[in-house]
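What follows is calculated from the coordinates using simple rules that are stated; it is not laboratory data. Everything numeric here is computed off the predicted structure, so don't read it as measured data. Neighbour counts are summed over all protein chains in view; Cβ atoms, including those assigned to glycine, are modelled from backbone coordinates with ideal geometry.
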Amino acid sequence: MNSDIEKILVSQEKIKETNVRLGKELTKDYADKNPLFVCILRGAAMFMMDLVKNVDIPIEYDFMDVSSYGGENTSTTGEVRILKDLDTPLSGRDVVIVEDIIDTGYTLDRLIELFKTRNAKSISIVSFLDKPARRIKHVHVDYVGVQIPDAFVVGYGMDFDEHYRNLPYVGVLKPEVYTTK
Ligand code: IMP
């Protein structure tokens, strides 16, 4: 698996540091709000579990599964399908959307619109990675972990064709891996 990686972009140490920093910011901003953290499956699962351990106030969390990319495609379609919806009502809640990476912005743009119709009291976004070079929809990300250049990355929950999610760091996949598969 490691041999398919061209270079490491975010090391395990940097991941830890980033979660501590984001956790502190969220702890300060959401004290007494009992926020609902919404993890966008499957990519954000690892990040979410590390992040919430660094948030030192009462919170709740729930999961939603959406799909924006086809199995073998590394470019966006602009389509966002809900594969698993939330179990928790959003009405009156302070919602924190937890994403692995914001790329074109389509996914978060659509989710924000949806959550507004469910009458969330407030909606903010925490994204572990931000790839600003590819943005099409200008979504405001309140908490950014690490900004990265325009490259297809895997690891720390992120996949190519459902693989590499279990790498403990974020790496750039060698282009020949996704052009030959
Ligand atoms: P967006 O809708 O284009 O912003 O894409 C968001 C989703 O696409 C993320 O939640 C990821 O699941 C996926 N994605 C975007 N870029 C990458 C990448 O470099 N590696 C793996 N998944 C990605």
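Taking the Cβ of PHE37 as the center, what net charge do the other residues with Cβ under 9 Å away carry, scoring Lys and Arg +1 and Asp and Glu -1?
So the surrounding residues net to -2.
What is the sum of charges around SER122, taking Lys and Arg as +1, Asp and Glu as -1, for the other residues whose C-beta is under 11 Å from the C-beta of SER122?
+1
Work out the FRET efficiency for VAL80 and VAL20 from their Cβ-Cβ distance, taking R0 = 35 Å, and round it to the nearest 0.05.
0.70
Sum -39500 (n - 2.57) across every DSSP H segment of at least 4 residues in the chain, then divide by the residue count to get the 222 nm mean residue ellipticity, nearest 500.
The per-residue figure over the chain is -7500 deg cm²/dmol.
At 7 Å along the Cα-to-beta-carbon direction for both LYS137 and THR88, put a label point, then send me their distance in nm to one decimal.
Taking the simple label geometry, LYS137 and THR88 are separated by 2.2 nm.
Could you work out how much longer the chain between MET49 and ASP161 gets when fully extended? Use 0.36 nm per residue separation minus the Cα distance between them, nm to one decimal.
Stretched out fully, the MET49 to ASP161 stretch lengthens by 38.1 nm.
Out of THR27, VAL80, PHE115, whose Cα points farthest toward the positive end of the dipole of the range 12-152 (charges: +1 Lys, Arg; -1 Asp, Glu; placed on Cβ)?
PHE115
Less than 10 Å Cβ to Cβ from SER91, Lys/Arg counted +1 and Asp/Glu -1: what total charge do the surrounding residues give?
That sum, taken over residues with Cβ under 10 Å, equals +3.
Relative to the present Cα-Cα distance, how much length would full extension add between THR179 and GLU113 at 0.36 nm per residue of separation?
Once the chain is fully extended between THR179 and GLU113, it gains 20.3 nm.
Once a ≥ b ≥ c are taken as the square roots of the eigenvalues of the Cα gyration tensor of the range 97-168, is the result rounded (a/c under 1.5), prolate (a/b larger than b/c) or oblate (a/b not larger than b/c)?
Because a/c hits 1.5 or more and a/b exceeds b/c, the range 97-168 counts as prolate.
Can you tell me which of 114-121, 139-146 comes out highest on packing, and rank the rest after it, using the mean Cβ neighbours within 10 Å?
So the order, starting with the most tightly packed, is 139-146, 114-121.
Sorted from largest down, what three extents in whole angstroms do the Cα atoms of the chain have along their principal axes?
49, 34, 26
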